[in-house]
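The values are calculated or read from the model by the stated rules, or taken from the named source; none is laboratory data. Everything quoted here is computed from the prediction, not taken from an experiment. Don't worry about glycine lacking a Cβ; one is built from the backbone with ideal geometry, like all the others, and counts go over all protein chains shown. The accessibility values were calculated without ligands, DNA or RNA, using every heavy atom of the protein model including side chains. Shrake-Rupley method; radii C 1.70, N 1.55, O 1.52, S 1.80 Å.
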Amino acid sequence: MLENLRLSFQSIWAHKMRSFLTMLGIIIGIAAIIAIVSTIKGTNDELKNELIGSGSNTVNIKLKENGNDLYIYSSSDLPYGVPQVPDSIREQILALDTVESVTCYTSRSSVSGIYYLNDEISYPSILGIDTSYFATAGYTIRSGRGFVEDDYTEFRTVIIIDSIIADNYFPNEDPVGKTLEISGTPFTIIGVVIETDSYEASIDSVDDYYTYASPEAGKLFVTSAAWPMLYCFDEPENVIVKATSTDDMENAGSKTEDILNSMISSSQSDVEYDAENLLTQAEQLETLTSSTNIQLIWIASISLLVGGIGVMNIMMVSVTERTSEIGLKKAIGARKGAILGQFLTESVVLTSIGGALGVGAGIGMAYIINKISGVAVAISIPASAIAVLFSMLIGIVFGLMPSMKAANLDPIEALRRE
């Protein structure tokens with residue numbers, strides 16, 4: 001085998017230009033496939049990050065009424081048979097292997113009537129939260145403090161704002177200590193929070209905007225104990241769970257959904273908890289795009305077929321050129337298997353070098369595409385290894401016929417040729 005490898009490299013080096021032109025089809029084909037696979041993987045990874053939230057691994061389990069988000073505007077909208085989440089249910093959720101933490105909250109969107117001095121804050125969202133909300137949902141304190149237990153037990157009228165409201169309405173001052181008026185009730189700002197795992201989705205169309213874009217009106221947070229001062233007593237809560245990993249999100253959301261629905265009255269048929277399955281949405285979008293990408297890979301594979309035919313052609317030429325050499329080897333005792341192995345090894349070495357060069361060229365192409373168009377790229381090591389192995393297979397398949405022709409030459413006839 002080592003002798004066959006030595007002879008293969010010697011033959012390739014003796015005809016450098018011819019060998020390179022022969023490998024060119026393999027190089028182009030492998031490079032195209034690696035570039036496509038790299039952009040596919042990069043795009044899919046980016047898609048998951050955009051949908052899921054850059055690794056925050058949170059799943060929102062919301063109350064739905066007849067399949068739509070449940071909106072509560074007054075006590076008359078409260079659904080029957082849907083209690084607030086008790087501690088026993090929280091403990092069941094936390095006992096799940098796939099759940100790291102859990103939080104419950106109530107909310108209103110596009111709220112009016114919130115003032116700082118004479119300025120109305122334009123339609124923010126307001127949430128009534130428990131002590132674990134910020135850690136679970138992915139917020140950190142930028143200034144001031146978070147809620148403490150006394151804020152709940154003493155029903156303090158304190159509020160926390162997010163960085164959007166802080167930057168828009170308190171650009172040149174510290175908002176901590178200032179007072180906001182909500183429905184005539186004064187709330188003292190005690191802190192400013194910022195999303196730890198925030199990200200920017202790629203907005204390329206109107207549909208993308210409505211799918212990914214979040215409103216820039218900002219958020220306000222009050223304690224769940226203070227919530228009834230503004231809205232409803234015993235208002236049903238939504239739930240957020242933080243999964244132990246991205247892959248566990250679907251499982252965590254599904255099991256939490258089942259636990260929460262178990263506490264709803266059996267006579268209630270219109271309202272139920274439903275987990276946002278963003279991981280499944282990402283996988284569905286990947287499946288949707290993969291069919292097109294597979295077609296691109298098949299088109300790129302045509303150049304591999306052309307490259308394989310080129311290898312077969314040049315090996316036929318090589319056998320013809322070295323007919324006398326083959327006849328001499330057979331005359332001194334070389335068997336068919338030895339001749340077959342020599343030429344087959346040369347074919348495999350030729351395509352393997354082309355495959356390795358193609359992988360390098362494909363990675364380079366992927367990064368060039370990234371620089372020019374901004375498309376995300378992620379290099380797949382398994383795909384690169386498979387590409388080299390596939391190029392070796394091409395060498396075996398397309399080098400077999402010329403190798404068999406060389407092995408089956410009659411030594412006497414071969415020696416007669418010049």
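Here are some notes:
- Every residue from the range 114-129 that is of a type outside the set (Val, Ile, Thr), in contact with a strand residue (DSSP E or B) (Cβ under 7 Å, 6 or more places away or on another chain) and either assigned to a loop (DSSP other than H, G, I, E, B) or open to solvent by 30 Å² or more (accessible area, probe 1.4 Å) (or both): TYR115, GLU120, PRO124
- For the range 223-249, filtered to residues that are farther than 20 Å from THR106 by Cα and in contact (Cβ under 8 Å) with a residue 40 or more places away in the chain, the residue that is nearest to the chain's Cα centre (by Cα) is THR246.
- Residue match in the range 15-25 (condition: in a loop (DSSP other than H, G, I, E, B), at pLDDT 70 or above and farther than 29 Å from ASP248 by Cα): yes
- Any hit, the range 216-227, residues being surrounded by fewer than 21 Cβ atoms within 10 Å (Cβ to Cβ) and among the aromatic types (Phe, Trp, Tyr): no
- Test for VAL85: is it part of a loop (DSSP other than H, G, I, E, B) and either farther than 21 Å from ASP234 by Cα or out of contact with any Cys (no Cβ under 7 Å at 6 or more places or on another chain) (or both): no
- Qualifying residue in the range 312-321 (condition: over 36 Å from the mean Cα position of the chain (by Cα), open to solvent by less than 20 Å² (accessible area, probe 1.4 Å) and at pLDDT below 75): yes
- A residue that is over 19 Å from ARG108 (Cα atoms) and surrounded by 17 or more Cβ atoms within 10 Å (Cβ to Cβ) occurs somewhere in the range 149-156.
- Any pair with Cβ under 7 angstrom, 6 or more apart, that starts in the range 156-179 at a residue that is over 13 Å from VAL222 (Cα atoms) and of a type in the set (D, E, K, R) and ends at one that is modelled with pLDDT under 95 and surrounded by 20 or more Cβ atoms within 10 Å (Cβ to Cβ): none
- Of all residues in the range 324-339, those that are open to solvent by 50 Å² or more (accessible area, probe 1.4 Å) have Cβ atoms under 7 Å from Cβ atoms of residues that are part of a helix (DSSP H, G or I), 6 or more apart or on another chain, in LEU328/LEU415; LYS329/ILE339; ALA331/PRO411; ALA331/LEU415; LYS336/ALA407.
- Number of positions in the range 95-113 that are within 15 Å of GLU257 (Cβ to Cβ) and outside any loop (DSSP other than H, G, I, E, B): 3
- Taking the criterion of being under 27 Å from GLY177 (Cβ atoms) and open to solvent by 20 Å² or more (accessible area, probe 1.4 Å), the residues of the range 99-108 that qualify are SER107, ARG108.
- Residues that are buried (at least 16 other Cβ atoms within 10 Å of the Cβ) and under 26 Å from SER74 (Cβ atoms), drawn from the range 163-196: ILE165, LEU180, ILE182, PHE187
- Each residue in the range 228-241 was checked for being out of contact with any Leu (no Cβ under 8 Å at 6 or more places or on another chain) and either open to solvent by 50 Å² or more (accessible area, probe 1.4 Å) or aromatic (Phe, Trp, Tyr) (or both), and 3 pass.
- Pairs, first farther than 24 Å from MET401 by Cα and among the β-branched types (Val, Ile, Thr) in the range 343-362, second assigned to a helix (DSSP H, G or I) and open to solvent by less than 30 Å² (accessible area, probe 1.4 Å), C-beta under 8 Å, six or more apart: VAL359/ILE30; VAL359/ALA31; VAL359/ILE34; VAL359/SER384; VAL359/ALA387
- Test for ALA252: is it under 30 Å from ASP151 (Cα atoms), of a type in the set (Gly, Ala, Ser) and either modelled with pLDDT of 50 or more or open to solvent by 60 Å² or more (accessible area, probe 1.4 Å) (or both): no
- Test: residue in the range 306-319 that is farther than 22 Å from GLY399 by Cα and in contact with a helix residue (DSSP H, G or I) (Cβ under 6 Å, 6 or more places away or on another chain): no
- Residue ID - most open to solvent (accessible area, probe 1.4 Å), chosen from residues in the range 365-397 that are of a type in the set (Gly, Ala, Ser), free of Cβ contacts under 8 Å to residues at least 24 places away in the same chain and over 23 Å from VAL349 (Cβ atoms): SER373
- Count of residues meeting criterion [touching an Asp or Glu at 6+ places or on another chain (Cβ under 9 Å) and either at pLDDT below 90 or open to solvent by less than 30 Å² (accessible area, probe 1.4 Å) (or both)] in the range 83-98: 2
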